[in-house]
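Here's the structure we're looking at; comments come further down.
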Amino acid sequence: MNRRLDQFKRFMRGRKVAVIGIGVSNRPLVHYIAKLGAEITAFDMADADDAVLSATMREFESAGIRLAWSVGPGYMDRLKGFDIVFRTPRMRHDEPALLSERERGGIVTSEMEVFMELCPATLFGITGS
């Protein structure tokens, strides 16, 4: 039994969550935390009429996952008042909107950071390009 995972699951229920970047890496996160009862707003720089983003929106809708969306130019303008912000891996941690949420008391993290905190196994990291 993973107590930290159980605590995370309870903690997520009813939380106001922002997920920035609805590309490949954050889609499984959205599916997971939606099942836990999080209230999710998805942020993405692509416009709503972008073919990939439109398909992603339909995917969530067909799975019964209701999201608020902030997309296109100025998509980060609505990043205010969230309990937890999951940033995309390519977004710098010192992005001004993220710093503002952190200063306000929000938790700013990423899908991988949470995975590493909750994984009960020993983790090894290999870097290189």
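The values are calculated or read from the model by the stated rules, or taken from the named source; none is laboratory data. The shown structure was predicted, so the numbers you read here are calculated from the model rather than taken from an experiment. Heads up, the Cβs are rebuilt from the backbone with ideal geometry, glycines too, and the neighbour counts pull from every protein chain shown. Accessible surface areas use protein heavy atoms only, side chains included; no ligands, DNA or RNA. Shrake-Rupley method; radii C 1.70, N 1.55, O 1.52, S 1.80 Å.
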Specify which of the listed residues (Glu113, Glu103, Glu117) is under 21 Å from Arg15 (Cβ atoms) and either surrounded by fewer than 10 Cβ atoms within 10 Å (Cβ to Cβ) or touching a Cys at 6+ places or on another chain (Cβ under 7 Å) (or both). Glu103
Do you know which residues across the range 64-98 are more than 16 Å from Gly14 (Cα to Cα), in contact with a strand residue (DSSP E or B) (Cβ under 8 Å, 6 or more places away or on another chain) and either in a strand (DSSP E or B) or of a type in the set (A, V, I, L, M) (or both)? Trp69, Ser70, Val71, Met76, Leu79, Arg87, Met91, Leu98
Log entry, pairs with first residue in the range 34-55 being among the basic types (Lys, Arg), second being modelled with pLDDT of 95 or more, beta carbons closer than 9 Å, six or more apart or on different chains, reads Lys35/Ile65
Please enumerate the residues belonging to the range 41-57 that are modelled with pLDDT of 95 or more and not aliphatic (A, V, I, L, M). Thr41, Phe43, Asp44
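Considering only residues that are in a loop (DSSP other than H, G, I, E, B) and farther than 20 Å from Val85 by Cβ, look in the range 1-15 and name the one that is most open to solvent (accessible area, probe 1.4 Å). Don't jump to the end; show me each part of the working.
The first filter runs over the range 1-15 and keeps only residues in a loop (DSSP other than H, G, I, E, B), leaving 1-2, 13-15.
Checking the rest, the ones that are also farther than 20 Å from Val85 by Cβ come to 1-2.
Working: Met1: 203, Asn2: 36 Å².
Among residues in the range 1-15 that are in a loop (DSSP other than H, G, I, E, B) and farther than 20 Å from Val85 by Cβ, the one most open to solvent (accessible area, probe 1.4 Å) is Met1.
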Considering only residues of the range 71-83 that are of a type outside the set (Phe, Trp, Tyr) and under 13 Å from the mean Cα position of the chain (by Cα), which is most open to solvent (accessible area, probe 1.4 Å)? Asp83
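Give me the residue from the range 16-70 that is of a type in the set (S, T, N, Q), surrounded by 13 or more Cβ atoms within 10 Å (Cβ to Cβ) and farther than 16 Å from Phe86 by Cα and, out of that set, farthest from the chain's Cα centre (by Cα).
Initially, the range 16-70 is screened for residues of a type in the set (S, T, N, Q), giving 25-26, 41, 54, 56, 62, 70.
Narrowing the set further to residues that are surrounded by 13 or more Cβ atoms within 10 Å (Cβ to Cβ) leaves 25-26, 41, 54, 56, 70.
Subsequent filtering for residues that are farther than 16 Å from Phe86 by Cα retains 54, 56.
On the way: Ser54: 18, Thr56: 14 Å.
Taking the candidates together, the pick is Ser54.
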